[in-house]
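**Student:** Provided herewith is a single structure, encoded as structure tokens, for subsequent inquiry.
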Amino acid sequence: MSPDNYSMIYSGTFDRVLDAKKRVTVPACWLQGEEDVFHCVLDPRGEFLNVLPPQEFAKVEQKLIEGGWNPRQRKEFMRRFYGGSHLLKADKQGRLLFPETFCVAANLKDQIILVGTGTQFEVWSPDRWTQFHAKGEEDFRKIADDIGL
């Protein structure tokens, strides 16, 4: 599917097992069925992995231009962001292979959690996810009330 007509929404939270080779099975509802390709970047704080489909990955540079940063700042960000990313291709079983260095940095071991965030998804260790999720509960409730959910 081309980036122009892409309409995937990544929603849901899934408990998964990271195998010894650092592979995880992606939920079938998050796959398009042909050649599923993603870009993986480590969260700037090293807490989790961001997994972006190609069209979202391509939007990063445009967001930088629109953000008003000067050319030196944009170049430095692009160097770190693109240089620190990894291309992931789902195998026939719908598994992604994560880089060992990313798994170590994000504390990903046997059990992991995949969290849909709309246009992309995140990969968390259960401990870090539990801590993060608990901290944001009050804000979530307030925003839910504000938007009428």
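**Student:** Checking the condition on the phi < 0 side of the Ramachandran plot, modelled with pLDDT of 90 or more, of a type in the set (A, V, I, L, M, F, W, C) and over 12 Å from the mean Cα position of the chain (by Cα), which residue from Ile143, Ile147, Ile65, Ile112 passes?
**Tutor:** When all the criteria are applied, what remains is Ile112.
**Student:** Consider Phe140 against the criteria (1) within 21 Å of Ile9 (Cα to Cα); (2) out of contact with any strand residue (DSSP E or B) (no Cβ under 6 Å at 6 or more places or on another chain); (3) crowded, with 18+ Cβ neighbours inside 10 Å: it satisfies all of them except one. Which criterion is unmet?
**Tutor:** The failed condition is (3).
**Student:** Shifting gears a bit: State yes or no: is Phe57 within 18 Å of Gly118 (Cα to Cα) and not in a strand (DSSP E or B)?
**Tutor:** yes
Listed here are the residues, each with its yes/no results for (1) assigned to a loop (DSSP other than H, G, I, E, B); (2) more than 30 Å from Glu76 (Cβ to Cβ); (3) among the hydrophobic types (A, V, I, L, M, F, W, C).
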position	(1), (2), (3)
Asp15	no, yes, no
Ala20	yes, yes, yes
Phe38	no, no, yes
Val41	no, no, yes
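**Student:** Just give me the residues in region 46-85 being within 16 Å of Cys103 (Cβ to Cβ) and surrounded by fewer than 16 Cβ atoms within 10 Å (Cβ to Cβ), in sequence order.
**Tutor:** Gly46, Gly84
**Student:** Every residue in region 64-108 that is of a type in the set (D, E, K, R) and in contact with a helix residue (DSSP H, G or I) (Cβ under 8 Å, 6 or more places away or on another chain), please.
**Tutor:** Answer for region 64-108, where residues must be of a type in the set (D, E, K, R) and in contact with a helix residue (DSSP H, G or I) (Cβ under 8 Å, 6 or more places away or on another chain): just Arg74.
**Student:** Could you give every pair whose Cβ atoms fall below 8 Å, whose first residue belongs to region 62-91 and is free of Cβ contacts under 8 Å to residues at least 40 places away in the same chain and over 30 Å from Thr25 (Cα atoms), and whose second residue is loosely packed, with under 12 Cβ neighbours inside 10 Å and not charged (D, E, K, R), counting only separations of at least 6 or pairs across chains?
**Tutor:** Arg74/Ile65
The values are calculated or read from the model by the stated rules, or taken from the named source; none is laboratory data. What you see is a predicted model; the values in this text were computed from it and never measured. Every residue, glycine among them, receives a Cβ derived from its backbone with ideal geometry; neighbour counts consider all protein chains shown.
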